[in-house]
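The values are calculated or read from the model by the stated rules, or taken from the named source; none is laboratory data. The structure presented is a predicted model; accordingly, all values stated were derived computationally and were not measured. Heads up, the Cβs are rebuilt from the backbone with ideal geometry, glycines too, and the neighbour counts pull from every protein chain shown.
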Amino acid sequence: MGEKIATRVAYGKALAEFGGREDIYVFDSDLKTCTMSMYFADKYPERFFNVGIAEANMVNIGAGFATCGATSLVHTFAIFAAGRVYDQVRNDVCYPRLNVKVVGSHAGLTVGEDGATHQALEDISLMRTIPGMTVIVPCDDNETRLATKAMLDFKGPCYFRTGRPAVDPVTDSIPGYKFEIGKGCQLKDGSDVTLIACGLMVQEALKAADLLAAEGISARVIDMATIKPIDREIIVKAAKETGAIVTAEEHNIIGGLGSAVAEVLTDEALVPLQRVGVNDTFGHSGNPLELLAHYGLTAENIACNAKKAIARK
Amino acid sequence: MLTEEKRKLELEAANIRKTALETIHTAGSGHIGGSFSMAEIVTVLFFKAMNIDPKDPDKKDRDRLVLSKGHCSPVMYATLARRGFFPVEHLKTFRKIDSDLSGHVEIHVPGVDMSGGSLGQGLSVALGMAMYGKCNNLGNYAYAIMGDGEIQEGQIWEAAMAAGFFKVNNLIGFVDNNQIQLDGRLTEVMDPNPIDEKFRAFGWNVINVNGHDVEEIADAIEEAKKSKDKPTMIVAHTVKGKGVSVFEDTNRFHGGQPTPEEYDLAIKELDDQIAALEV
C-alpha cells in the first residue's frame with residue numbers, strides 16, 4: 001500500500017499542479033498552511049490573496065472576481081466555509097451562479113484535539129441544500145487530485161470538502177477507476193448489500209467489506225465522491241441488485257450522504273437503508289482515531305449495520 | 001461643471017425619481033426613501049462618470065457598480081432603463097412573478113453587475129471587481145453604494161480593512177448618509193457616525209459631499225480617480241425620500257407606500273421640478 005496523504009495536502013498540490021490557467025485566482029483567510037493553498041501561493045503569488053481572518057470578505061472578493069470572468073477558489077476550514085459564511089455562499093455565489101469554489105478543509109471529527117467548534121458535521125447538509133451547488137467529498141490522494149482538476153474545469157459554484165489526517169490510498173489500485181463530477185464509482189462488486197461512502201469512510205467501507213466477506217456476506221462498495229448532484233443511477237442499480245444499503249460518512253446522519261441516498265431510494269427503489277455517521281450530536285476533543293471509534297465511524301460498525309440492513313430485507 | 005450640464009443632470013435625477021416612483025406604484029411595493037436619497041448619485045454615475053455602454057453591457061473593461069443597498073432596486077432599474085439598458089416600459093413588470101426585475105437587484109438584468117439583498121456584502125464584491133481590474137490591467141473603476149444603516153454590518157469593515165491594506169485605489173464607495181434606517185434615526189437605533197473618520201482610520205481617502213448636488217458628486221469622483229494608493233469613500237450627505245415633501249426625512253417610506261392622495265401629490269411635485277428644469 002502507498003503512502004498515506006491527507007486530502008487537504010493532495011488538494012493543495014493538485015491546485016498548484018493544475019492552477020496555471022490565468023483565470024484562476026486563489027484566496028485564503030489566514031489558513032494557507034492548513035488548507036494547503038500555500039502550494040499555489042508559492043507558485044503563483046500574483047494570483048493569490050490572503051485576506052486575513054475575514055471569511056465573509058474573502059467569499060465576496062472571490063465573487064467579485066468571478067463576476068469579471070475569473071475562476072475563484074476561496075479557502076477556510078469547513079466549519080467556517082459552510083457555517084460562518086453560509087449567507088455569502090448562498091446569496092453571493094450560488095444565487096448569481098458565480099464560478100466560485102468554496103474549499104473547506106479540516107472537515108469532520110478528525111480535526112481531533114481542536115474539538116467541537118472546529119468539527120464540521122453539518123457542512124455537506126448546508127451546502128447541498130443550496131440550489132445550484134455542487135458538493136464534492138474526495139476520499140484519497142488520487143481521487144482528490146482528479147476531482148480538483150475536474151472542479152477547475154467545471155463552471156459554477158462548488159463546495160469541496162477535505163480532511164486533516166493522512167489517509168490510505170484506495171482508488172489508484174482500482175482497475176478502471178476514474179473521477180467524474182456527479183458519478184459514484186463502484187470500487188468492489190457484491191451481491192448481498194451495498195456500502196456507499198464518502199471521504200475517509202470509503203477506506204472503512206472497504207475494510208467492512210472484507211470483514212463481511214469473512215462471514216460469507218458479499219458487499220458491494222461505492223465511493224460517492226459527489227454528494228450533489230448525486231448519482232441516482234448507481235444507487236438505484238445497487239438497491240435493485242443487492243436489496244440493502246448502508247451509507248457511511250464523517251458527518252451528521254441528518255442531511256448528508258445518508259439523507260441524499262435516502263431521498264433517491266424513497267423516490268425510486270425502497271430497500272432497507274442503515275445510515276452510519278455522527279448521530280445528531282456535536283463532536284469532542286480527542287485523538288482522531290479515538291473519536292472515529294467513539295462515534296461509531298468504523299469498519300466494524302459499518303459491517304454491523306450491513307447485517308442489520310440485510311436482516312430487514 | 002457647465003450650467004447646462006448641471007441642469008441636464010438635475011433634470012435626469014428628477015425624471016429618475018418620477019420613473020422610480022411610478023415603478024413602485026405599479027408594483028404596489030418597493031423602497032421609496034432610500035431610492036430617492038441616492039437619485040443624484042446614480043444619475044452622476046450612469047450619465048457622466050462611469051465607462052459603460054448600454055449597447056455592450058458586458059464589455060470587459062467597463063466600470064462596475066454594486067448596489068449594496070440592493071433594496072433600492074427601483075432607482076437602479078429606473079436609471080438603467082432611462083440610460084437605455086432596457087425599455088422603460090419593462091419597469092411595469094417590476095416585482096412580478098414573470099419578470100427579471102425582482103425586489104432586489106439581480107445580476108441577470110442588463111447593466112447590473114451583481115445581485116444584492118443581504119446587506120453589508122457589496123463593498124467586498126466591488127473590492128473583488130476592483131482588484132480583478134488591477135490584476136488584469138483593465139484601467140477601470142469599481143463602485144459600491146451602501147446605506148448608512150448598512151455599514152452597521154461587520155463585513156463592511158472587513159472590506160474596508162482589506163481595501164486599505166491592498167491599496168485598491170480604483171475602488172470608489174458611496175455611503176448614502178440619509179441618517180434614517182428602517183426602525184428610525186441612526187442616532188436612535190445604532191449610530192455609525194463619524195463615518196468619515198472611521199474610513200480614514202481604515203486607510204481610505206474620504207470625501208464628504210452634499211449628496212443632492214450633482215456637481216459636488218462629480219467633482220468627488222474625479223478627485224477619487226486621482227488617488228494613487230488609497231480607495232476612496234464618498235460620504236454623501238442626503239435626505240431620505242429627497243424630492244417629495246411628504247417623503248422627506250422619515251422612515252415611513254423606507255418600505256411603506258403613500259396613500260393615493262400622497263402619490264398624486266408626489267407626482268405633481270416631481271412634474272413641477274421636471275417642468276422647471278426643462279428648457
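Okay, residues lined up against (1) outside any loop (DSSP other than H, G, I, E, B); (2) crowded, with 24+ Cβ neighbours inside 10 Å; (3) of a type in the set (A, V, I, L, M):
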| residue | (1), (2), (3) |
| --- | --- |
| A:Leu152 | yes, no, yes |
| A:Lys155 | no, no, no |
| A:Gly163 | no, yes, no |
| A:Pro169 | no, no, no |
| A:Phe179 | no, no, no |
| A:Thr194 | yes, yes, no |
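Consider A:Arg97 carefully, then state whether it is outside any helix (DSSP H, G or I), at pLDDT 95 or above, out of contact with any strand residue (DSSP E or B) (no Cβ under 8 Å at 6 or more places or on another chain) and within 13 Å of another protein chain (Cβ to nearest Cβ).
yes
What's the number of the only condition in (1) more than 14 Å from chain A (Cβ to nearest Cβ); (2) among the polar types (S, T, N, Q); (3) part of a helix (DSSP H, G or I) that B:Gln155 fails to meet?
The single condition B:Gln155 does not satisfy is (1).
Going by what's in this entry, would A:Glu249 be described as surrounded by fewer than 24 Cβ atoms within 10 Å (Cβ to Cβ), among the acidic types (Asp, Glu) and on the phi < 0 side of the Ramachandran plot?
Values: surrounded by fewer than 24 Cβ atoms within 10 Å (Cβ to Cβ): no; among the acidic types (Asp, Glu): yes; on the phi < 0 side of the Ramachandran plot: yes.
Taking the combined requirement at face value, the residue does not satisfy it.
Do we find a residue being assigned to a strand (DSSP E or B) and closer than 15 Å to B:Lys48 by Cβ anywhere in region B:208-221?
For region B:208-221, residues assigned to a strand (DSSP E or B) and closer than 15 Å to B:Lys48 by Cβ: present.
Would you please name the residue that is surrounded by the fewest Cβ atoms within 10 Å (Cβ to Cβ), looking only at residues in region A:54-80 that are more than 16 Å from A:Leu98 (Cα to Cα) and of a type in the set (Gly, Ala, Ser)?
Out of the qualifying residues, it is A:Ala54.
Scan region B:222-247 for residues that are in a loop (DSSP other than H, G, I, E, B) and in contact (Cβ under 8 Å) with a residue 12 or more places away in the chain and jot them down.
Residues satisfying the conditions are B:Ser227, B:Lys228, B:Asp229, B:Lys230, B:Pro231, B:Thr238, B:Val239, B:Lys240, B:Gly241, B:Lys242, B:Gly243, B:Val244.
Find the helices (runs of 4 or more DSSP H) located wholly in region A:1-76 whose residues include 1 or more that are touching a residue at least 40 places away in the same chain (Cβ under 8 Å) and within 14 Å of chain B (Cβ to nearest Cβ), and list them.
A:55-67
Evaluate region A:126-137: report whether one residue or more is among the β-branched types (Val, Ile, Thr), touching a Leu at 6+ places or on another chain (Cβ under 9 Å) and assigned to a strand (DSSP E or B). Talk me through it step by step, then tell me what you get.
If we filter region A:126-137 for residues that are among the β-branched types (Val, Ile, Thr), which is where we start, we get A:129-130, A:134-137.
Going one step further and asking which of them are touching a Leu at 6+ places or on another chain (Cβ under 9 Å), we end up with A:137.
From what's left, assigned to a strand (DSSP E or B): none.
Taking every residue of region A:126-137 in turn, none turns out to be among the β-branched types (Val, Ile, Thr), touching a Leu at 6+ places or on another chain (Cβ under 9 Å) and assigned to a strand (DSSP E or B).
Out of A:Gly64, A:Gly112, A:Gly108, A:Gly104, I need the residue that is modelled with pLDDT of 95 or more and at positive phi. Which one?
Values: A:Gly64 fails: at positive phi; A:Gly112 fails: modelled with pLDDT of 95 or more; A:Gly104 fails: at positive phi.
Exactly one of A:Gly64, A:Gly112, A:Gly108, A:Gly104 is modelled with pLDDT of 95 or more and at positive phi, namely A:Gly108.
Collect the residues in region B:53-74 that are more than 14 Å from every other protein chain (Cβ to nearest Cβ) and surrounded by fewer than 21 Cβ atoms within 10 Å (Cβ to Cβ), keeping them in residue-number order.
Answer for region B:53-74, where residues must be more than 14 Å from every other protein chain (Cβ to nearest Cβ) and surrounded by fewer than 21 Cβ atoms within 10 Å (Cβ to Cβ): B:Asp53, B:Pro54, B:Lys55, B:Asp56.
I want to confirm something. Restricting to region B:86-144 and keeping residues that are assigned to a loop (DSSP other than H, G, I, E, B) and facing chain A (nearest Cβ under 7 Å), which single residue is nearest to B:Thr232 (Cα to Cα)? Explain how you work it out, then say what you get.
Just the residues of region B:86-144 that are assigned to a loop (DSSP other than H, G, I, E, B), to begin with: B:86-87, B:94-121, B:136-141.
Restricting the remaining residues to those that are facing chain A (nearest Cβ under 7 Å) gives B:107, B:113-115, B:117-118, B:121.
Values: B:Ile107: 24, B:Asp113: 20, B:Met114: 20, B:Ser115: 22, B:Gly117: 23, B:Ser118: 23, B:Gln121: 17 Å.
Checked region B:86-144; the qualifying residue nearest to B:Thr232 (Cα to Cα) is B:Gln121.
Please pick out the residue among B:Thr93, B:Thr79, B:Thr19 that is of a type in the set (S, T, N, Q), without any contact (Cβ under 8 Å) to a residue 12 or more places away in the chain and out of contact with any Gly (no Cβ under 8 Å at 6 or more places or on another chain).
Every option except B:Thr93 fails the conditions.
Applying the selection to region B:257-279, what residues are within 23 Å of B:Glu10 (Cα to Cα), free of Cβ contacts under 8 Å to residues at least 12 places away in the same chain and not hydrophobic (A, V, I, L, M, F, W, C)?
Listed by number, the residues that qualify are B:Asp264, B:Lys268, B:Asp272.
Is there any pair linking a residue in region A:78-94 that is within 14 Å of chain B (Cβ to nearest Cβ) to one that is surrounded by fewer than 23 Cβ atoms within 10 Å (Cβ to Cβ) and of a type in the set (Gly, Ala, Ser), with Cβ under 8 Å and at least six apart or on different chains, and which?
Pairs that qualify, where the first residue is within 14 Å of chain B (Cβ to nearest Cβ) and the partner is surrounded by fewer than 23 Cβ atoms within 10 Å (Cβ to Cβ) and of a type in the set (Gly, Ala, Ser), are A:Asp87/B:Ser118; A:Gln88/B:Ser118; A:Asn91/B:Gly117; A:Asn91/B:Ser118; A:Asp92/B:Ser118; A:Cys94/A:Gly132.
Could you run through region B:172-197 and say how many residues are part of a loop (DSSP other than H, G, I, E, B) and buried (at least 22 other Cβ atoms within 10 Å of the Cβ)?
1
Return the pair list, or none, for Cβ contacts closer than 6 Å from residues in region B:168-180 that are of a type in the set (Asp, Glu) to residues that are in a strand (DSSP E or B), at least 6 apart or on different chains.
As it stands, the answer is B:Asp176/B:Gly147; B:Asp176/B:Ala236, since those pairs meet every condition given.
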